[in-house]
Amino acid sequence: VIAGNTLLYGATGGSLFVRGRVGERFCVRNSGATAVVEGVGDHACEYMTGGRVAILGPTGRNVAAGMSGGVAYLLDLDESQVNREMVELEPLAEGDVETLRQMLADHLRETDSPVAAGLLDGADWGRFHKIMPRDYKKVLAAMEQARQDGSDVDEAVMAASRA
């Protein structure tokens, strides 16, 4: 473990790139930071409300417990480690691939990570899972639909949150 427990607890912005594994309770209550790490302990992304996280290595148990916002991308995920009470596991969509590719490029630039270099060289995006909170996904879809329709985004969000 290269960085300790509760890293990015309550983070509201910024970026973190760690070439190595971090401790427990990584990104708990993250509401806006972007982070790339190469493994985590227990309870990663717990109560996360925003931001983006990429985990390029093993996870501990109880990933995404209480996660209500944000997105996490996990490499070679052991699905039994995820707390699915509020989240769904999905394959990457086209937009996710571009987002993750940029996160990996930033990680490589900042850390010279051989893990990121290898992933960018032979990108097998099927090895990744996206963790997305169900309610957050509904709200994002409602916002996008309202923008396309030219209708009130706030009303669409409220309707989606009641559904």
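List of remarks:
- Hits in region 118-143 (condition: in contact with an Asp or Glu (Cβ under 6 Å, 6 or more places away or on another chain) and surrounded by 18 or more Cβ atoms within 10 Å (Cβ to Cβ)): LYS130, MET132
- Search result, residues across region 35-50 that are closer than 24 Å to ASP112 by Cβ and either in contact with a Cys (Cβ under 6 Å, 6 or more places away or on another chain) or crowded, with 22+ Cβ neighbours inside 10 Å (or both): ALA35, VAL36, VAL37, GLU38, VAL40, ALA44
- ILE2 meets each of the listed conditions (1) farther than 19 Å from GLN81 by Cα; (2) modelled with pLDDT of 95 or more apart from (2).
- Comparison of LYS130, LYS138 shows that the only residue that is within 14 Å of the chain's Cα centre (by Cα) and on the phi < 0 side of the Ramachandran plot is LYS130.
- Every residue from region 107-139 that is aromatic (Phe, Trp, Tyr) and in contact with a Phe, Trp or Tyr (Cβ under 9 Å, 6 or more places away or on another chain): PHE128
- Counting the residues of region 52-70 that are over 17 Å from ARG21 (Cα atoms) and crowded, with 24+ Cβ neighbours inside 10 Å gives 2.
- Scanning region 93-122 for residues that are over 15 Å from ALA35 (Cβ atoms) and either of a type in the set (Val, Ile, Thr) or within 15 Å of the chain's Cα centre (by Cα) (or both) gives ALA93, GLY95, ASP96, VAL97, GLU98, ARG101.
- Hits in region 65-81 - residues which are over 15 Å from ARG127 (Cβ atoms), touching a residue at least 12 places away in the same chain (Cβ under 8 Å) and part of a helix (DSSP H, G or I): GLN81
- Residue list for region 82-111, filter: part of a helix (DSSP H, G or I), among the acidic types (Asp, Glu) and free of Cβ contacts under 8 Å to residues at least 60 places away in the same chain: GLU94, ASP96, GLU98
- For beta carbons closer than 7 Å, sequence separation of 6+ or different chains, a first residue in region 144-163 that is surrounded by 11 or more Cβ atoms within 10 Å (Cβ to Cβ) and a second that is among the polar types (S, T, N, Q), the qualifying pairs are ALA156/GLN145.
The values are calculated or read from the model by the stated rules, or taken from the named source; none is laboratory data. Owing to the predicted nature of the structure, the values given are computational and were not obtained by experimental measurement. Here Cβ is always computed from backbone atoms with ideal geometry, including for glycine, and neighbour counts include all displayed protein chains.
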